[in-house]
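K.L.:
What follows is a single structure, and I will ask about it in a moment.
Values in this text are rule-based calculations from the coordinates and carry no lab data. Keep in mind it's a predicted model, so treat the numbers as computed, not measured. Cβ placement follows ideal geometry from the backbone for every residue including glycine, while neighbour counts extend to all protein chains displayed.
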């Protein structure tokens, strides 16, 4: 049944994605804020399919900790789920993402319409300069800049691999940073077909005010995300009957 349910969900999810890419064609003509509301509708339908077809509930707590206006949102990245599940949580979100995604027909055009912030990883130090300038412009217009500080999806329990880009943004934007922890990788594993029924927990942590020294912030944002994510992983493992993490996983996750 797990395989069948996963197959049904994956089919429905990608069919829904294609449908919304068609729906958004005329939507690309409306103002960006209205366009983002349509994108959030796609995100909500995807979360609904997760619950109804795959049996995966998404529970988000701590929304009241998100400050109004511009902010940097630093989220754990374990699966594809958080790329859409975070959208309805925020007022006017945009993503830091690799430039190559902007080249995908339709999908990339919509990313441009949403004024996502591309980063050219081959541009070296100039990539940070360009990314920061674009992100600051969006944040000054009251938007929430979502970044995955590790740069890519990491399996649950893997040692953290945070990049300094998040600290660079924090220092230069001058806005609070909202850390977000989760255990999504247990239910929607990266590079796997299986979708395990259960409860994905996404937890908003206390916002970090602007003005901290770079190293102090870099240590604090990792500590808040990793401590909460490890706790959520243990709760998820218990729900799935996986048992606690091994001692090697626990020690690695604290690196």
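K.L.:
Could you calculate the FRET efficiency of residue 164 with residue 235 from 1/(1 + (r/R0)^6), where r is the beta carbon distance between them and R0 is 35 Å, rounded to 0.05?
P.N.:
For residue 164 and residue 235, the calculated efficiency is 0.70.
K.L.:
Given points 7 Å out from each Cα along the Cα-Cβ axis, report the residue 37 to residue 22 separation in nanometres with one decimal.
P.N.:
Reported label-point gap for residue 37 and residue 22 is 2.4 nm.
K.L.:
Within 10 Å of each residue's Cβ, count the other Cβ atoms and sort 98, 113, 76, 122 from fewest upward.
P.N.:
Ordered by Cβ neighbours within 10 Å, fewest first: 122, 98, 113, 76.
K.L.:
Multiply the residue separation of residue 191 and residue 125 by 0.36 nm, subtract the distance between their alpha-carbon atoms, and state the gained length in nm to one decimal.
P.N.:
20.7 nm
K.L.:
Can you give the calculated 222 nm mean residue ellipticity of the chain, where each DSSP H run of n ≥ 4 adds -39,500 (n - 2.57) and the sum is split over every residue, rounded to the nearest 500 deg cm²/dmol?
P.N.:
It lands at -14500 deg cm²/dmol.
K.L.:
If neighbour count is taken as other Cβ atoms inside 10 Å, put 11, 199 in order from fewest to most.
P.N.:
Going from least to most buried by this count: 11, 199.
K.L.:
Kindly identify the stretch 103-157 as rounded, prolate or oblate by the Cα gyration tensor criterion: order the square roots of the eigenvalues as a ≥ b ≥ c, call it rounded if a/c is under 1.5, otherwise compare a/b with b/c, prolate if a/b is larger, else oblate.
P.N.:
Judged from the Cα gyration tensor, the stretch 103-157 comes out rounded (a/c under 1.5).
K.L.:
Counting other C-beta atoms within 10 Å, which of 79, 46, 125 has the fewest, and how do the rest follow?
P.N.:
Exposure proxy ranking, most exposed first: 125, 46, 79.
K.L.:
To continue, here is another question. Quick one, which of (i) 0.91; (ii) 1.10; (iii) 0.99 is the actual Cα Rg over 2.2 N^0.38 Å calculated for this model?
P.N.:
The calculated read-out lines up with (iii).
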